[in-house]
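Right, one structure below, let's go through it.
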Amino acid sequence: MKTSRSFFTALLAVFAFAAFATTVSATPPSGQSPSGLVVGHLTDPINVNVDHLNFESRRPTDVAMFTVTYDPGGFSGWHTHPGILFVVVKSGSVVRTVKCHQPRTYGAGETFVESDEQPAGEVQNASTTDPAVLVVTQIVPQGAGRRVEADQPAC
C-alpha cells in the first residue's frame, strides 16, 4: 500500500512538473486587446461554390468576428488557431512570422489567412509609436476554442 501511494505521489509530481514546464515555455500576448466579439452559428451543412470560390462545412460551425488592437510594440505571442481566420489590417501595420519563415509586413487594407494547417506564428505591431488594428473573421467547428498557445520555434 505504501509503495503504491509513493508511486502515485511521484507520478502526480511528474504531471505537475510537465504542466508547469508547458505553461512557462508558452509565449503569451502583450499589448494585444481583442474586442467586439460577435459569434454566429451555422447549424446545417453548407456547400457554396460560386465565382471560383468554395466553402463547405459538413458539421455545425461557429463564425466569429472581432477586432484586435495592438498597442505600440504589442504582439500576439506564438500561437495557432483552430479552423480558418481571415485577417484584414484596418490601420497601422503588423509583422507576421510563421515558424522560421521570413517575416512579412502587412499594412492597412492588406489581408492574410491563418489556419490550423500552418505551424505556430506570431503577429506584432510594426510600430513602436502607433497602434495597429485588425478585423478578424474566424470559422471553427462549433464549440471549438479560438486560440492554442505555442512555444517559440527554435530556428
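The numbers here are math on the coordinates, done by the rules we state, and not lab data. Worth saying up front: this structure is predicted, and the values here are computed from it rather than measured. Glycine also receives a Cβ, built like all others from the backbone with ideal geometry; neighbour counts cover every protein chain displayed.
Summary of values
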| item | result |
| --- | --- |
| Calculated from backbone phi, Karplus (6.51, -1.76, 1.60) coupling profile of segment 31-40 in Hz, x at Gly/Pro | x, 10, 10, x, 7, x, 5, 10, 10, x |
| Amide hydrogen neighbours beyond the local backbone of SER127, cut-off 5 Å, H modeled | GLY73, SER93 |
| Calculated FRET efficiency for the pair GLU56/ALA26, C-beta based, R₀ 41 Å, to 0.05 | 0.80 |
| Neighbour-count ranking [beta-carbon atoms within 10 angstrom, fewest first] of ILE46, ILE139, ILE84 | ILE46, ILE84, ILE139 |
| Order of ASP44, ASP51 under a 10 Å beta carbon neighbour criterion, fewest first | ASP51, ASP44 |
| Segment THR67-ARG147, extension gain: residue separation times 0.36 nm, minus the distance between their alpha carbons | 27.3 nm |
| ILE84 versus CYS155: modelled label distance in nm, points set 7 Å from Cα along the beta carbon direction | 2.7 nm |
| Sorted by Cβ density within 10 Å, fewest first, the residues PHE55, PHE66 | PHE55, PHE66 |
| Projected label distance in nm at SER115 and VAL95, using a 7 Å step from Cα toward the beta-carbon | 2.7 nm |
| Separation of the THR128 and HIS41 label points, Cα + 7 Å toward Cβ, nm | 4.7 nm |
| Estimated translational D of segment 28-90 in µm²/s (Stokes, Kirkwood radius over Cα pairs; 10 °C; 1.306 mPa s) | 112 µm²/s |
| Radius, Kirkwood style, for segment 28-149 when every pair of distinct Cα atoms is counted (Å) | 15.1 Å |
